[in-house]
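Below is one structure; the comments refer to it alone.
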Ligand code: GLN
């Protein structure tokens, strides 16, 4: 078995025992990238030279016995998180040449453990999208089927993990962008509770919804990575001051006393693909066999989640993206002579179609005269949706749903139909609107061989319970062990 195909925790063990070096692992990962990146397109920026230096540094640390959980492990970072001195594009022309002068907090935390940064991964521009087709830097392909999308917006990170182009990755999730591509690519993705992980140094999309989280090959890796990135940060005013948790410890134990709710509205309308429904019910049976009990719960405002999200997210985005005016950051159009024209030209030339659409929708929803009808109303409905979840969690500890209504769709299928694209987020946006944690784990394959994801949601700050149940499920199934066969081509 090649080193690149191991999990983080397996490699950690091998490094601890001195069986391999970080240099060996890093070279193996870059060999893999050379073979498959040409047909996947997971990265915007590769950092090979720096990575090999970091591997050497990690090996020095390891030889001295200073080994942490991520020391020497090759990790990929979604290109909306700032690494000092490394171009951070956010998938946009407007930030094509932006090099941040500082590290985001998650990067700082990772660096304390001396990992190896493989590169920055592709994403929908400003994380707006569900397919990674809306990047200025080209599309990313799904490793299970090149003709299909990897999901989005963290599709680069998902594909990179799935295709063994890194050992683990970070993504960001505003309405599903970690869980949804994780489901499409057959990996594990977790959106932490809002406030659990610092957003400092994450390029802002919709600040009341954005969270950074792990994307990994299995649940144990997910727990390890979450332990490193979570915790209080004074640089993020919404960061929550809670004790550091070792999530790996939470994996142990049975799930006998755990009560899981199934939201009846999700299965009533018939919007779920047959194979997805079948896999979810098989997963339910498996969890039942492991001792979990199930109840039906109701989330009566579910049908408004997409509309609510697609008002709040663009509203916040229109405000956050006002900073890209050609003065402070990134691209500046040289075509206009006067200041106002420069602003207009810069934004017209620098932003892609979907980003412009969101800025216009968001500005409209916030404008005087429409604010009450749109933004305020959406905020009120958001509260109703949150209450639904509060009530549901009185009857159960976790909720179980599909992550995506159908497996990865074909490239080009939805990109010209934004409403269809938005509907793909139907099961993921509620966790962001309510701030609760949610995980996606592989739970089956369609008859075309495409991965299917199971979503578990918990009360605020109950990531431990999520990970425990996800781990128990994973230990008794083998979906996470299956790998795609990728047509190799030298790039
Ligand atoms: N697909 C959703 C959107 O386009 C979610 C994106 C995300 O989570 N970053 O807004």
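Answer yes or no as to whether residue 453 is within 17 Å of residue 159 (Cβ to Cβ) and in a strand (DSSP E or B).
yes
Assess whether residue 477 counts as being under 26 Å from residue 224 (Cβ atoms), in a loop (DSSP other than H, G, I, E, B) and in contact with a strand residue (DSSP E or B) (Cβ under 8 Å, 6 or more places away or on another chain).
Considered against the rule, which asks whether it is under 26 Å from residue 224 (Cβ atoms), in a loop (DSSP other than H, G, I, E, B) and in contact with a strand residue (DSSP E or B) (Cβ under 8 Å, 6 or more places away or on another chain), residue 477 comes out as yes.
Does residue 276 satisfy the criteria of being under 22 Å from the mean Cα position of the chain (by Cα) and farther than 30 Å from residue 105 by Cα?
yes
Since residue 307 meets every condition but one in (1) under 28 Å from residue 378 (Cβ atoms); (2) touching a helix residue (DSSP H, G or I) at 6+ places or on another chain (Cβ under 8 Å); (3) surrounded by 16 or more Cβ atoms within 10 Å (Cβ to Cβ); (4) modelled with pLDDT of 95 or more, which condition does it not meet?
If we test residue 307 against (1) under 28 Å from residue 378 (Cβ atoms); (2) touching a helix residue (DSSP H, G or I) at 6+ places or on another chain (Cβ under 8 Å); (3) surrounded by 16 or more Cβ atoms within 10 Å (Cβ to Cβ); (4) modelled with pLDDT of 95 or more, just (3) comes out false.
Which is under 30 Å from residue 246 (Cβ atoms) and free of Cβ contacts under 8 Å to residues at least 12 places away in the same chain, of 60, 73, 25?
One residue alone meets the criteria, 60.
Is there a residue being surrounded by fewer than 24 Cβ atoms within 10 Å (Cβ to Cβ) and at pLDDT below 95 anywhere in segment 55-64?
no
If you check 446, 440, 478, which single one turns out to be more than 15 Å from the ligand (Cβ to nearest atom) and touching a helix residue (DSSP H, G or I) at 6+ places or on another chain (Cβ under 6 Å)?
446
Does residue 453 meet the test of being within 16 Å of the ligand (Cβ to nearest atom) and buried (at least 24 other Cβ atoms within 10 Å of the Cβ)?
The answer is yes for residue 453.
Against the definition (in contact with a strand residue (DSSP E or B) (Cβ under 7 Å, 6 or more places away or on another chain), under 15 Å from residue 188 (Cβ atoms), part of a strand (DSSP E or B) and in contact (Cβ under 8 Å) with a residue 40 or more places away in the chain), how does residue 439 come out, yes or no?
Here the answer is yes, as residue 439 does meet what is asked.
Here are 243, 191, 217, 256: which of them is free of Cβ contacts under 8 Å to residues at least 40 places away in the same chain and either within 30 Å of residue 445 (Cβ to Cβ) or within 15 Å of the chain's Cα centre (by Cα) (or both)?
256
Determine which member of the set 47, 81 is touching a strand residue (DSSP E or B) at 6+ places or on another chain (Cβ under 7 Å), surrounded by fewer than 24 Cβ atoms within 10 Å (Cβ to Cβ) and in contact (Cβ under 8 Å) with a residue 60 or more places away in the chain.
47
The values are calculated or read from the model by the stated rules, or taken from the named source; none is laboratory data. What you see is a predicted model, and the numbers here were worked out from it, not measured in a lab. Cβ: placed from backbone, ideal geometry, glycine included. Neighbour counts: every protein chain shown.
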